[in-house]
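Undergrad: So that we are looking at the same thing, I have put the structure below in structure tokens.
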Amino acid sequence: DFALQIASGLTCAHASGVVHRDLKPRNIMVTRAGQLKLLDFGLAKVLPGDASQSLTALTQQNMVFGTPEYMAPEAARGDDVDARSDVYAAGIILYELVTGSVPFGGNNPIAIRTAHLTDTVIAPSERAPNAGIGPALDAVVMHALAKKPEDRYP
């Protein structure tokens, strides 16, 4: 249910031409009614004009925004980001929800960003073999965490 609510919030933001760029658990609030709210759009980028336009070329080249543990590979490189970068961050959050840890860690932000660029994600079912994670959930998480944006959900 939480993952679906995160996806719904991102769908609304992206349909309005907004890319969050710093989606992480600290930027998600659970209300007393059990509803999730996406918070802190301070690093968000808004595409001027018609929201149906492409969400590419939102940042200057070589600018890095976000929290390393939840940063898409293209963001870690300082490349242009789009809605698929938020999908990657949502995939990291879902990974953490089902396994209890993020897929990549490190001693410093550069090591973590490098891991997003080069390391292979261990499937959630392998990371937490006793959690009862099925192949369908593995597939969803792994698709969201594809290294190339074009290989992720749009």
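The values are calculated or read from the model by the stated rules, or taken from the named source; none is laboratory data. A quick note: this is a predicted structure, and the numbers were derived from the prediction, not measured. Positions of Cβ are backbone-derived with ideal geometry, glycine not excepted, and every protein chain shown enters the neighbour counts. For accessibility, only protein heavy atoms count, side chains too; no ligands or nucleic acids. Shrake-Rupley method; radii C 1.70, N 1.55, O 1.52, S 1.80 Å.
Undergrad: Report the residue count in the range 7-25 for those that are of a type in the set (Val, Ile, Thr) and either touching an Asp or Glu at 6+ places or on another chain (Cβ under 9 Å) or modelled with pLDDT under 90 (or both).
TA: 2
Undergrad: Is it the case that some residue within the range 141-150 is assigned to a loop (DSSP other than H, G, I, E, B), open to solvent by less than 60 Å² (accessible area, probe 1.4 Å), within 24 Å of residue 14 (Cα to Cα) and at pLDDT below 95? Let's see the steps before the verdict.
TA: First pass over the range 141-150, keeping only residues assigned to a loop (DSSP other than H, G, I, E, B): 145-148.
Going one step further and asking which of them are open to solvent by less than 60 Å² (accessible area, probe 1.4 Å), we end up with 145-146.
Applying the additional criterion that residues be within 24 Å of residue 14 (Cα to Cα) yields 145-146.
Next cut, at pLDDT below 95 only: none.
No; the residues of the range 141-150 include none that is assigned to a loop (DSSP other than H, G, I, E, B), open to solvent by less than 60 Å² (accessible area, probe 1.4 Å), within 24 Å of residue 14 (Cα to Cα) and at pLDDT below 95.
Undergrad: Turning to a different aspect of this structure: Quick check on the range 123-133. Is at least one of its residues closer than 20 Å to residue 7 by Cα and not polar (S, T, N, Q)?
TA: First, pick out the residues of the range 123-133 that are closer than 20 Å to residue 7 by Cα: 124, 133.
If we keep only those that are not polar (S, T, N, Q) as well, we get 124, 133.
Yes, the conditions are met somewhere in the range 123-133.
Undergrad: For a quick check of your reading of the model, give me the residue pairs whose first member lies in the range 24-50 and is assigned to a helix (DSSP H, G or I), whose second is open to solvent by 70 Å² or more (accessible area, probe 1.4 Å) and at pLDDT 55 or above, with beta-carbon atoms closer than 7 Å and at least 6 apart or on different chains.
TA: Final answer for the pair search is 27/40.
Undergrad: Looking only at the range 94-111, which residues are surrounded by fewer than 20 Cβ atoms within 10 Å (Cβ to Cβ) and either more than 17 Å from residue 141 (Cα to Cα) or touching a residue at least 60 places away in the same chain (Cβ under 8 Å) (or both)?
TA: Selection gives 96, 97, 105, 106, 107, 108, 109, 110, 111.
Undergrad: Another question, if that's okay. In the range 10-23, what residues are crowded, with 19+ Cβ neighbours inside 10 Å, in a helix (DSSP H, G or I) and not aliphatic (A, V, I, L, M)?
TA: Answer for the range 10-23, where residues must be crowded, with 19+ Cβ neighbours inside 10 Å, in a helix (DSSP H, G or I) and not aliphatic (A, V, I, L, M): just 14.
Undergrad: Still on this model: Considering the range 112-140 alone, what residues qualify as being among the β-branched types (Val, Ile, Thr), under 12 Å from residue 98 (Cβ atoms) and open to solvent by 40 Å² or more (accessible area, probe 1.4 Å)?
TA: Hit for the range 112-140 is 140, nothing else.
Undergrad: Looking at (1) open to solvent by 20 Å² or more (accessible area, probe 1.4 Å); (2) part of a loop (DSSP other than H, G, I, E, B); (3) closer than 14 Å to residue 20 by Cα; (4) touching a residue at least 40 places away in the same chain (Cβ under 8 Å), which one does residue 81 not meet, given that it meets all the others?
TA: (1)
Undergrad: Does the range 48-57 contain at least one residue that is among the aliphatic types (A, V, I, L, M), at pLDDT below 90 and touching a strand residue (DSSP E or B) at 6+ places or on another chain (Cβ under 7 Å)?
TA: yes
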